[in-house]
Amino acid sequence: MMDPRLTEVGVVDEKQLKLLMRDWRRGRADRSLWQALSDGYVMVFSIVVIGAMMVSSILQAQQTASICETAGCVAARGLLPWASVAGILAFTLVVARLFGPVVASSAEGFWLMDGPTDRRRILAGRLVGGIAAAAVLGAAAGALIASLTGSGASEIGIWALAGGLGAAGLIAFAAAEQGVDRHWIVTGVQWIIGAAAIATMVLLVSGAAGWMDLGGLTLLAVELAYIIAGVGLLLIVVAGMLAFHRLRNIRRQRLTSGGSLLSGLQGAAFALEFALIRDILVEAKAKKRGHVRPTRGTGSGLGALVMRDVQRLWRQPMPLITLVATIIVPYAVQALGLAMLNPPISALVLLAALVPFMNSLRVLTRTKGLQRCLPFDPGQIKQAAMIVPAVLALLWTIGAFPAFLGVAGGVASDPVTAASSALVTGIAGLLAAVRWVSAKPADYSGPIVATGIGAMPPGLMFSLLRGVDIVALVTLPIVFNWPVWISLIIAVIAFMILRSGLDRDSMLEQQAKQKKQLEAEKARRSGGAAAPAKKIQVQRKR
Amino acid sequence: MADVAKKDVVLQVDNLKKAYGPVTIIENFSMKVHAGEAVALTGRNGAGKSTVLRCLVGADRPDEGTVTVNGTKVTETNPVIRRTVATVIDDLDFFPDLSVVEHLDLLARAHGLHNPDDLVDEVLEEVQLVPQAGQLPSTLSSGQRRRLALATAFVRPRQLLVLDEPEQRLDVEGVAWLGERLKAELAGGLAIVLASHEPSLLQAIGARELRLSGAR
């Protein structure tokens, strides 16, 4: 028999539920946002300093771009915002697909979605929030790119509008598709926009190199921005309405999977563990895929590890396509007249493109369990796991070499200088990717530094710079016009440290041995005395 | 027992001490494990079983004392130790993009087996993961992941097997299978050290029991 108290079921008021949840959350908060920001003055100060440095770099780049007067340089400048905004829009769709874009936490999924609630009333705010966030971030990215290319204030505003409205429109579109649990249209659009971004970069380089006349196209630049903004606005209205109507029917699983992923990523983000963020994304992707057609390996010993990495290339060709596509970057940077900054910028892009090829290295270095199963020392394992990425980096370097020669416009260099720059760029990108993937996380068991926002391990402060530090160390000599051998020596030292690491075991062992020797020596010296010296007794006055 | 004593000592532990801060987990711990012998570490939760096992395989550094395998001092990075000691403790990781069978194939090949297909298939069958051969590890249940972890120890050469609560997450049939498998390993001359809360498993393999008392 049913408990009589359960027979009288009232009508759920979702608004009251949300207010209740907000009260609970606020009730548990021990500081306001302003207090948190005041406490985190170190971080705020750092952001201001880094921001100032970025603005300064942008202004410098803007000046360089502004003085480019050749037809090629002007063409490149006009097309870069096209490619960049297309890239921003493709990235928006990737993020939207990854998370939802409408998300709910697992707890909300369990406690709220299972009850007789109207999901639309709970989720409507999130839909609007997602669209608004995309608009702000897209606008900021659009403005940044436009200012980097030396555009005037009105053009910067127009491209910001295009980036913001375009990204917001795509989030609304992805949310509408989420409501009917359909993926293929969003995936298709993402591919088309991504391909458009790459095609525009190719056009940019072709125009800058003088292989193609882009005169007519560059005149369209601002008009295109208006078109993107218009389509974005239309999508916000139409797809936004559709998404709102479909919110009621979104499957709980589609909401909470994105929410769980997001909370996992938040945890890793607070620890500034970007490699861990990638691990979570890779794991989520593997879970989605679930099954592969198994292939037997080839070779034995360390060769088996290398050959397995080769087999991985066929299994996941996407990173390979991305790597090939990134070869366009050094050409574009050179065409924009930023020859001096080409090695560091291109090396950073290569870093990002090489990371997906380092799954072996990542797993074998993040914990020691699997590494311990292999009968090699850690240096050998790391070296074997670096071989395939190194070969890919070499091929990328060969592909990028003509860019440094200046074949696609920009500053021309002699073959030796161009080869040196390309080589240093390739090595810097490879070593930076190895560092990014295999760097140890911040050690919370060691000494902790007191800061305004609480105690933190010193390593945490450098987490942001992993990989970027290697790029800077290896490429800056080129930027400062120093001899190339300085870069190469730095690269060799970096490689040796990255390969073997600082062997903590042997260092500790050595330390223990030295301690024992010291104690033995002390004992030997004091051994001559027949009895320990009598302590002097001091009578203190009270 | 007399037979065991005549056999070679595979693992020797002398005066092991490990402390975390002011808490001493294990002190003056010594033991010898001969080929064909199984030693079980037992004791309540927190008694130091896993700590001892981690020191045995070099995952943790003891504060005092030595651990040797076939006369070689154990350090985690020594390839000789890695070749000799097969370990299933709680820190085993998997490649997210390699399937179950590919993990076993890779380990067997890395250990120098040129044509390991038969062995891999045999072990896969034994741990009942044939239907999951093509699955990625993130989609396996916890019990299946445990079976895969155990399988990694059986597709490679080994003289010493170190297992931390191997019965965890296995079903009744799985524990029975494990007992039989470990018995066969002992008969083949393998030395085994394990921590376990499963008396039936220890009984099945006739393990010598060392009871740990815990932290002070």
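The values are calculated or read from the model by the stated rules, or taken from the named source; none is laboratory data. Since this is a predicted model, take the numbers as computed values, not measurements. A quick note on method: Cβ atoms are made from the backbone with ideal geometry, for glycine too, and the neighbour counts reach across all protein chains shown.
When B:GLU102, B:GLU27 are checked against the criterion of being modelled with pLDDT under 90 and farther than 18 Å from B:ALA191 by Cα, a single residue qualifies: B:GLU27. Only one entry of A:ALA195, A:ALA140, A:ALA174, A:ALA199 meets the criterion of being part of a helix (DSSP H, G or I), small (Gly, Ala, Ser) and crowded, with 22+ Cβ neighbours inside 10 Å, and that entry is A:ALA174. Annotation: of all residues in segment B:66-79 being in contact (Cβ under 8 Å) with a residue 40 or more places away in the chain and under 17 Å from B:LEU163 (Cβ atoms), the one that is nearest to the chain's Cα centre (by Cα) is B:VAL69.
Residues in segment B:128-181 that are of a type in the set (Val, Ile, Thr), within 14 Å of chain A (Cβ to nearest Cβ), free of Cβ contacts under 8 Å to residues at least 60 places away in the same chain and assigned to a helix (DSSP H, G or I): B:VAL130, B:THR139.
The single condition among (1) closer than 18 Å to B:GLY48 by Cβ; (2) surrounded by 14 or more Cβ atoms within 10 Å (Cβ to Cβ) that B:ARG211 does not meet is (2). Considering the conditions (1) under 25 Å from A:LEU361 (Cβ atoms); (2) without any contact (Cβ under 8 Å) to a residue 12 or more places away in the chain, B:LEU92 is excluded by exactly one of them, (2). For B:ALA86, are the conditions met, namely being more than 30 Å from B:GLN203 (Cβ to Cβ) and within 9 Å of another protein chain (Cβ to nearest Cβ)? For B:ALA86, the condition - more than 30 Å from B:GLN203 (Cβ to Cβ) and within 9 Å of another protein chain (Cβ to nearest Cβ) - is not met.
Return the residue satisfying two criteria in turn: it lies in segment B:108-127 and is within 7 Å of chain A (Cβ to nearest Cβ) and assigned to a loop (DSSP other than H, G, I, E, B), and of such residues it is surrounded by the fewest Cβ atoms within 10 Å (Cβ to Cβ). Within segment B:108-127, the match that is surrounded by the fewest Cβ atoms within 10 Å (Cβ to Cβ) is B:HIS114. The residue list A:VAL388, A:VAL434 contains one member that is closer than 27 Å to A:GLU283 by Cβ and either surrounded by fewer than 22 Cβ atoms within 10 Å (Cβ to Cβ) or within 14 Å of chain B (Cβ to nearest Cβ) (or both), which is A:VAL388.
Residues are listed down the side, and each one gets a yes or a no for (1) aromatic (Phe, Trp, Tyr); (2) assigned to a helix (DSSP H, G or I); (3) within 14 Å of chain B (Cβ to nearest Cβ); (4) surrounded by fewer than 23 Cβ atoms within 10 Å (Cβ to Cβ):
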| site | (1), (2), (3), (4) |
| --- | --- |
| A:ILE321 | no, yes, no, yes |
| A:ALA325 | no, yes, no, yes |
| A:TYR331 | yes, yes, no, no |
| A:GLN334 | no, yes, no, no |
| A:MET340 | no, yes, no, yes |
| A:SER346 | no, yes, no, no |
| A:LEU351 | no, yes, no, no |
| A:VAL355 | no, yes, yes, yes |
| A:LEU364 | no, yes, yes, no |
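Residues in segment A:285-310 that are more than 29 Å from A:VAL94 (Cβ to Cβ) and either facing chain B (nearest Cβ under 7 Å) or assigned to a loop (DSSP other than H, G, I, E, B) (or both): A:ARG296, A:GLY297, A:THR298, A:GLY299, A:SER300, A:GLY301, A:ALA304, A:LEU305. Scanning segment B:154-174 for residues that are touching a strand residue (DSSP E or B) at 6+ places or on another chain (Cβ under 6 Å) and of a type in the set (Asp, Glu) yields B:ASP164, B:GLU165. Evaluate segment B:43-65: report whether one residue or more is in contact with a Cys (Cβ under 6 Å, 6 or more places away or on another chain), crowded, with 17+ Cβ neighbours inside 10 Å and either free of Cβ contacts under 8 Å to residues at least 12 places away in the same chain or closer than 23 Å to A:ASP377 by Cα (or both). There is at least one residue in segment B:43-65 that is in contact with a Cys (Cβ under 6 Å, 6 or more places away or on another chain), crowded, with 17+ Cβ neighbours inside 10 Å and either free of Cβ contacts under 8 Å to residues at least 12 places away in the same chain or closer than 23 Å to A:ASP377 by Cα (or both). The residue that is nearest to A:ALA172 (Cα to Cα), among those in segment A:98-107 that are more than 23 Å from the chain's Cα centre (by Cα) and either surrounded by fewer than 18 Cβ atoms within 10 Å (Cβ to Cβ) or modelled with pLDDT under 75 (or both), is A:SER105. Does A:LEU405 fit the bill of being over 18 Å from A:LEU430 (Cα atoms) and either more than 9 Å from chain B (Cβ to nearest Cβ) or within 24 Å of the chain's Cα centre (by Cα) (or both)? Yes, satisfied. Going by the conditions given, is B:ALA59 hydrophobic (A, V, I, L, M, F, W, C), more than 10 Å from chain A (Cβ to nearest Cβ) and part of a loop (DSSP other than H, G, I, E, B)? It is false that B:ALA59 is hydrophobic (A, V, I, L, M, F, W, C), more than 10 Å from chain A (Cβ to nearest Cβ) and part of a loop (DSSP other than H, G, I, E, B). Taken over segment B:180-203, the criterion of being surrounded by fewer than 18 Cβ atoms within 10 Å (Cβ to Cβ) and among the small types (Gly, Ala, Ser) is satisfied by B:ALA184, B:ALA187, B:GLY188, B:GLY189, B:SER200.
Being over 25 Å from the mean Cα position of the chain (by Cα) and at pLDDT 85 or above narrows it down to one of A:VAL238, A:VAL180, so name that one. Going through A:VAL238, A:VAL180 in turn, just one is over 25 Å from the mean Cα position of the chain (by Cα) and at pLDDT 85 or above: A:VAL238. For segment A:264-284, filtered to residues that are crowded, with 16+ Cβ neighbours inside 10 Å and at pLDDT below 75, the residue that is farthest from the other protein chains (Cβ to nearest Cβ) is A:LEU272. The set of residues in segment A:418-451 being more than 25 Å from the chain's Cα centre (by Cα) and either over 22 Å from A:ALA491 (Cα atoms) or without any contact (Cβ under 8 Å) to a residue 40 or more places away in the chain (or both) consists of A:ALA418, A:ALA419, A:SER445, A:GLY446, A:PRO447, A:ILE448, A:VAL449, A:ALA450, A:THR451. In segment A:366-385, the qualifying residues are those that are buried (at least 22 other Cβ atoms within 10 Å of the Cβ) and among the small types (Gly, Ala, Ser), and the one that is farthest from the other protein chains (Cβ to nearest Cβ) is A:ALA385. All of (1) in contact with a Ser or Thr (Cβ under 8 Å, 6 or more places away or on another chain); (2) without any contact (Cβ under 8 Å) to a residue 12 or more places away in the chain; (3) basic (Lys, Arg) hold for B:ARG82 with one exception: (1).
Residue-level analysis places B:LEU104 outside the set of residues that are in contact (Cβ under 8 Å) with a residue 40 or more places away in the chain, under 23 Å from B:LEU56 (Cα atoms), surrounded by 18 or more Cβ atoms within 10 Å (Cβ to Cβ) and more than 9 Å from chain A (Cβ to nearest Cβ).
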